[in-house]
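Student: Got a structure for you, questions after.
Nothing in this text is a laboratory measurement; each read-out follows from the coordinates by a stated rule. Please read all numbers here as calculations on a predicted model, not as lab measurements. Glycine gets a Cβ as well: all are built from the backbone with ideal geometry, and neighbour counts include every protein chain shown.
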Ligand code: DGY
């Protein structure tokens, strides 16, 4: 029996590549080819599966390819894939939830601490050779200990961040369309609030909502204006959740103490205005980038893809309706 063909959009870590090579004919997306639907469609012709990442636009044009049966995203986010179109065309879509929660929460907290205590500014000062010694008022930051942490989006990652906050003696407030179970609120001593109230009360705000049109510019000028001038904003969710131009203004005018961003509105472009600010910590979308977690994501994505190719239900199927459609 001939082996199925799969298109792997980008190099990815072991064990996924070996798992795929054992069961399928693997084609690599040509290096340097633009990440555009038309080009992806041409590259995927004749393939039954695609292994994609969040930077790959997978819409109607790609999903309507005859013979395509599964798209496996190596990410928990999947706003790059038109899931409704996939269901219409009978294509299964999968992601890699769960395995990256703790690593992402670690990084969100790293950013929070770095912004609060101005770590990159201190690093730059020492590297510049211009540090002249201890000063009583040098690089004064804000204390996370004893502060209030506002978690926006109280899913798996948001809760893991709250847990870290508890370890730092923070009070936890959260906002989410769905209120957490009483048991979770008790464990984390977390208080639910509407977003505007949370923004007014929090000393640090950490964003953990999914991307997409519903959350675009969830944090814009009016929301930033509600926040305390001493507050820090952390975004490890998706760039467009924050209106970047409004954030730049707030940081520049010191209406916001600091921000720490792992994701950007027009990724991978980061505006010069943002890059020029001292009171923002910038990271290149690496919240889940630990060796162990990326290897787990790789294994999970390959497992999902291979299950779909065998005609089985992949463990992390996002559109189960695809299995029952007429
Ligand atoms: C995810 O898993 O969604 C990360 O942001 C990587 O894209």
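Student: By count of other Cβ within 10 Å, fewest leading, how are 40, 81 ordered? Spell out each step's value before the answer.
Tutor: Working: 40 23, 81 27.
Final ranking by Cβ density, sparse to dense: 40, 81.
Student: What is the fewest-to-most order of 201, 189 by other Cβ atoms lying within 10 Å of their Cβ? Could you put the intermediate results ahead of the total?
Tutor: Numbers: 201 18, 189 12.
So the residues, fewest neighbours to most, are 189, 201.
Student: Extending each Cα 7 Å along its Cβ direction at residue 278 and residue 127, get the distance between those two points in nm, one decimal.
Tutor: Between residue 278 and residue 127, the simple spin-label model gives 1.6 nm.
Student: Round to a whole angstrom and tell me the spacing of the C-alpha centers of the range 269-294 and the range 61-109.
Tutor: Cα centroid to Cα centroid, the span is 23 Å.
Student: Related question: Can you check how the C-alpha radius of gyration of the range 101-282 compares to 2.2 N^0.38 Å, as a plain ratio? It would help to have the intermediate numbers written out before the result.
Tutor: Numbers: Rg = 16.0 Å, N = 182, 2.2 N^0.38 = 15.9 Å.
Against the compact-globule rule of thumb, the ratio is 1.00.
Student: Same structure again: So what is log10(I(q)/I(0)) for the range 1-49 at q = 0.31 1/Å, when the Debye sum runs over its Cα atoms only?
Tutor: Log-scaled intensity ratios, in q order: -1.20.
Student: Report relative contact order for the chain in percent, whole number only (criteria: Cα-Cα under 8 Å, sequence separation at least 6).
Tutor: 20 percent
Student: For the range 179-326, state the average projected area of the convex hull of the C-alpha atoms over all orientations, rounded to one decimal in nm².
Tutor: It is 12.3 nm².
Student: Looking at the range 101-282 only, what percent of DSSP beta bridges run antiparallel? Nearest 5 please.
Tutor: On the way: 1 of 25 bridges.
Approximately 5 percent, going by the DSSP bridge assignments.
Student: Give the percent of DSSP beta bridges with both residues in the chain that are antiparallel, rounded to the nearest 5.
Tutor: Details: 2 of 41 bridges.
Beta bridges within the chain, antiparallel portion: roughly 5 percent.
Student: State, to one decimal in nm², a quarter of the convex hull surface area for the C-alpha atoms of the range 46-190, i.e. the direction-averaged projected area.
Tutor: Working: hull surface 52.0 nm².
So the Cα hull casts an average projection of 13.0 nm².
Student: Would you kindly state how much longer the chain becomes between residue 325 and residue 254 on full extension, computed as 0.36 nm times their sequence separation minus their alpha carbon distance, in nm to one decimal? If you can, show how the numbers build up before the last one.
Tutor: On the way: separation 71, 0.36 × 71 = 25.56 nm, distance 5.38 nm.
In short, 20.2 nm is gained.
Student: Residue 145 label point, 7 Å along Cα→Cβ, cut-off 19 Å on backbone N: hits in the range 84-117?
Tutor: Correct set: 109-117.
Student: Go from 0 up to the bin containing the longest alpha carbon distance in the range 13-85, width 5 Å each, and give me the % of pairs per bin.
Tutor: 3, 15, 27, 28, 19, 7, 0
Student: Name the shape class, rounded, prolate or oblate, that the alpha-carbon gyration tensor gives for the range 187-240, where a ≥ b ≥ c are the square roots of its eigenvalues, rounded holds for a/c under 1.5, and otherwise prolate holds if a/b is larger than b/c and oblate otherwise. Write down the numbers at each step before the final one.
Tutor: Working: a/c = 1.69, a/b = 1.20, b/c = 1.41.
It comes out oblate by the Cα gyration axes.
Student: With viscosity set to 0.692 mPa s at 37 °C, what whole-number translational diffusion coefficient in µm²/s follows for the chain from Stokes-Einstein and a Kirkwood radius over Cα pairs?
Tutor: Details: Rh = 21.2 Å.
It comes out at roughly 155 µm²/s.
Student: Moving on. From the Cα gyration tensor of the range 1-132, with a ≥ b ≥ c the square roots of its eigenvalues, which class applies: rounded if a/c is under 1.5, or else prolate if a/b is larger than b/c, or else oblate? All intermediate terms of the calculation are to be shown ahead of the outcome.
Tutor: Working: a/c = 2.48, a/b = 2.36, b/c = 1.05.
Prolate, since a/c reaches 1.5 and a/b exceeds b/c.
Student: Taking 30 Å as R0, compute the FRET efficiency from the Cβ-Cβ separation of residue 245 and residue 33 and round it to 0.05.
Tutor: Details: r = 31 Å, r/R0 = 1.04.
FRET efficiency, residue 245 to residue 33: 0.45.
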